[in-house]
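Report on the structure given below.
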There are 4 protein chains.
Amino acid sequence: MALTDSETTVAHLRERVLAFVRERDWEQFHAPKNLSMALSAEAAELMEHFLWSTPEESRAVAAEPARRAKIAEELADVVIYALGFANMTGLDVAACIEAKMAANALKYPVEKARGRSAKYTEL
Amino acid sequence: MALTDSETTVAHLRERVLAFVRERDWEQFHAPKNLSMALSAEAAELMEHFLWSTPEESRAVAAEPARRAKIAEELADVVIYALGFANMTGLDVAACIEAKMAANALKYPVEKARGRSAKYTEL
Amino acid sequence: MALTDSETTVAHLRERVLAFVRERDWEQFHAPKNLSMALSAEAAELMEHFLWSTPEESRAVAAEPARRAKIAEELADVVIYALGFANMTGLDVAACIEAKMAANALKYPVEKARGRSAKYTEL
Amino acid sequence: MALTDSETTVAHLRERVLAFVRERDWEQFHAPKNLSMALSAEAAELMEHFLWSTPEESRAVAAEPARRAKIAEELADVVIYALGFANMTGLDVAACIEAKMAANALKYPVEKARGRSAKYTEL
């Protein structure tokens with residue numbers, strides 16, 4: 001109860017997601033193709049909250065209480081499906097992130113990337 | 001080094017993502033609107049690996065070594081942007097997931113949802 | 001009234017979309033960034049109808065009357081935003097399609113691509 | 001040759017797309033599920049050009065020649081898959097758009113919607 005990011009491991013969240021899916025006998029539907037679609041659909045729902053605001057305005061949108069509660073749900077859906085995808089494919093999320101961030105650090109060296117939003121191919 | 005899901009808290013991953021962004025002075029670009037777009041774009045890249053396979057075939061696609069390495073990168077990108085979004089909006093991912101899963105358990109009671117992929121409104 | 005694909009030019013549809021936007025003074029919101037987000041969000045809504053079905057089952061899903069009516073709306077939304085994007089950027093859709101299909105014909109020569117779903121880089 | 005929006009019917013574009021698919025015996029892969037995924041993935045690629053720009057800046061991004069050529073290709077891909085989806089499901093795009101725009105006109109009456117980006121539920 002009352003999980004928080006500071007005290008919750010990724011593995012603990014994965015186990016919760018897996019238990020939920022198994023209790024409902026949903027592994028049969030959770031092929032990587034289907035989970036990637038569901039993840040993409042949820043990411044789009046998160047994005048829909050910000051369609052017509054400017055980036056600056058979007059900071060206020062995300063802080064408005066009624067909206068914030070819905071945004072929290074969409075973010076949860078995104079991460080739940082990402083963890084479900086990791087469960088079904090056996091990928092370790094923390095290891096994937098560590099490896100990708102090491103690669104990103106090479107593509108975006110601090111001195112070249114600082115304060116710039118250009119893609120690494122254009123730095 | 002050598003992070004794993006069993007020993008890594010969500011907060012630890014969030015801090016790594018935040019440090020990466022801050023070192024590059026990228027918080028100015030990381031408005032919720034922009035991060036939700038980047039997350040959605042990465043989710044689409046993950047999905048692209050499975051466009052033409054059937055769900056069943058997609059399990060094998062995700063297991064094929066060369067493909068698996070790329071899929072791992074796309075999954076990492078998705079979670080990195082989700083954590084970045086959480087950092088910028090101050091949402092606690094574990095708390096959001098716990099709340100959403102409690103709501104989902106009410107929408108999808110085990111006895112009604114078992115073995116069925118229908119939306120809760122059609123159960 | 002009663003438009004049909006056989007008798008309607010792309011330009012006619014574009015004009016209808018443009019008139020709708022102008023009457024509401026919405027051009028100020030219709031920057032390419034925002035329209036590309038809206039288009040992507042609508043494409044995700046179309047996709048949501050097929051999350052858990054197999055590709056084969058999805059043909060029946062799209063034929064079921066209640067579902068079909070909603071799918072028709074989502075498809076309309078996608079094309080409306082694509083035409084709105086063309087209006088705001090001044091791109092000619094038919095010309096873009098003709099050029100892209102010529103490029104695709106080179107990437108996917110009939111004799112190599114027939115009956116295969118592989119990406120051109122893997123043919 | 002040299003198609004333009006002013007002189008090209010939607011049906012003509014649909015026939016071109018259908019011929020391309022049939023020559024390659026690709027109808028077997030073009031289930032609605034798969035086409036909706038491909039459409040969504042292409043919409044995301046279009047969106048990727050505008051991730052870090054503001055809406056205002058995105059107008060200039062879309063006008064920059066090198067970028068514009070790529071954007072034209074992504075827009076073409078989106079519409080090609082939308083037309084392919086219409087071909088496989090037998091939906092008439094112009095009729096769908098006419099019906100949806102009539103519904104949108106009721107949801108967004110000119111006097112209430114003018115100059116406002118709010119969703120119809122919040123007008």
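Which residues, taken from the stretch D:100-114, are within 7 Å of another protein chain (Cβ to nearest Cβ) and either farther than 18 Å from C:VAL17 by Cβ or of a type in the set (D, E, K, R) (or both)? Passing the criteria: D:LYS100, D:ARG114.
Residues of the stretch B:84-96 that are within 7 Å of chain A (Cβ to nearest Cβ) and assigned to a helix (DSSP H, G or I): B:PHE85, B:ALA86, B:THR89, B:VAL93, B:ALA94, B:ALA95, B:CYS96. Quick one: would you say D:PRO109 is out of contact with any Gly (no Cβ under 8 Å at 6 or more places or on another chain) and open to solvent by 20 Å² or more (accessible area, probe 1.4 Å)? Criteria met by D:PRO109. Within the stretch A:85-114, residues that are among the acidic types (Asp, Glu) have Cβ atoms under 8 Å from residues that are open to solvent by 20 Å² or more (accessible area, probe 1.4 Å) and at pLDDT below 95 in these pairs: A:GLU98/B:MET1; A:GLU98/B:ALA2, counting only partners at least 6 apart in sequence or on another chain. Where helices (runs of 4 or more DSSP H) fall entirely within the stretch D:2-83, those with at least 3 residues that are surrounded by fewer than 23 Cβ atoms within 10 Å (Cβ to Cβ) and within 14 Å of chain B (Cβ to nearest Cβ) are at D:55-61. The one condition from (1) away from chain A (no Cβ under 14 Å); (2) surrounded by fewer than 17 Cβ atoms within 10 Å (Cβ to Cβ) that C:SER117 does not meet is (1).
The values are calculated or read from the model by the stated rules, or taken from the named source; none is laboratory data. Just so we're clear, the structure is a prediction, and the values are computed from it rather than from any experiment. No Cβ is skipped: glycine too gets one built from the backbone with ideal geometry, and neighbour counts run over all protein chains shown. Ligands, DNA and RNA are stripped out before the accessible areas are found, and what is left, the full protein with its side chains, is counted by its heavy atoms. Shrake-Rupley method; radii C 1.70, N 1.55, O 1.52, S 1.80 Å.
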